[in-house]
1. Would you mind telling me which numbered condition in (1) under 12 Å from the mean Cα position of the chain (by Cα); (2) modelled with pLDDT of 95 or more Leu77 fails?
2. What residue, of Leu62, Leu67, Leu82, Leu24, is touching a residue at least 40 places away in the same chain (Cβ under 8 Å) and farther than 22 Å from Arg99 by Cα?
3. Note down all Cβ pairs under 7 Å where the first residue falls in segment 106-135 and is within 27 Å of Ala10 (Cα to Cα), the second is open to solvent by 80 Å² or more (accessible area, probe 1.4 Å), and they're at least six residues apart or on different chains.
4. Out of segment 37-81, which residues are open to solvent by 50 Å² or more (accessible area, probe 1.4 Å), in a loop (DSSP other than H, G, I, E, B) and among the aliphatic types (A, V, I, L, M)?
5. Which of the residues belonging to segment 122-133 are surrounded by 15 or more Cβ atoms within 10 Å (Cβ to Cβ) and not in a loop (DSSP other than H, G, I, E, B)?
6. In this structure, is Arg28 closer than 19 Å to Val123 by Cβ, surrounded by fewer than 15 Cβ atoms within 10 Å (Cβ to Cβ) and either of a type outside the set (Gly, Ala, Ser) or in contact with a helix residue (DSSP H, G or I) (Cβ under 6 Å, 6 or more places away or on another chain) (or both)?
7. Anything in segment 93-116 that is part of a helix (DSSP H, G or I), surrounded by 14 or more Cβ atoms within 10 Å (Cβ to Cβ) and of a type outside the set (Asp, Glu)? List them, or say none.
Amino acid sequence: MTAPIPLDPAGTLYDRIGAENLHLLIGRFYARVARHPELIPIFPADLTLTAQKQEAFLTGFLGGPPLYHQQYGHPRLRARHLPFQITPARARAWLACMREALRETPEIGDEDARELYAALNRVAVHMVNSAEAEG
């Protein structure tokens, strides 16, 4: 397998964001997830391993080293998340946490933040596996 040819002269989105800024983003994101009433029920109390897995996944997803694949195998995102009720409201909540974390991470430029958010929006829509809860 060969490395992808970056279409942007500045490199992949991972190259442009950088490992340190991705780490900051993930920390800020999970601080929000831990307080979000819509998301708390489907996440563990200790988000340390969850954040590490997310960072490993995003590293490869954004064009960096395939850390998640190396440590855990194929992500199989949808299959791994099937045990959790992911409703459209939870997908929106997850995205809102990410949007706020991106705003809190000025080290990631606006254009790169928009590109990352657009990619994660597609992932969030794909992860929905349940209708809205009736209430």
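1. The one condition Leu77 does not meet is (2).
2. That would be Leu82, the only listed residue that is touching a residue at least 40 places away in the same chain (Cβ under 8 Å) and farther than 22 Å from Arg99 by Cα.
3. Tyr117/Arg99
4. Result: Ala45, single match.
5. Val123, Ala124, Met127
6. Criteria not met by Arg28.
7. Result: Ala93, Trp94, Leu95, Ala96, Cys97, Met98, Arg99, Ala101, Leu102, Ala113, Leu116.
The values are calculated or read from the model by the stated rules, or taken from the named source; none is laboratory data. What you see is a predicted model, and the numbers here were worked out from it, not measured in a lab. Quick reminder, even Gly has a Cβ in these numbers, built from the backbone with ideal geometry, and neighbours come from all protein chains shown. Quick note on the areas: whole protein, heavy atoms, side chains included, nothing else; ligands and nucleic acids left out. Shrake-Rupley method; radii C 1.70, N 1.55, O 1.52, S 1.80 Å.
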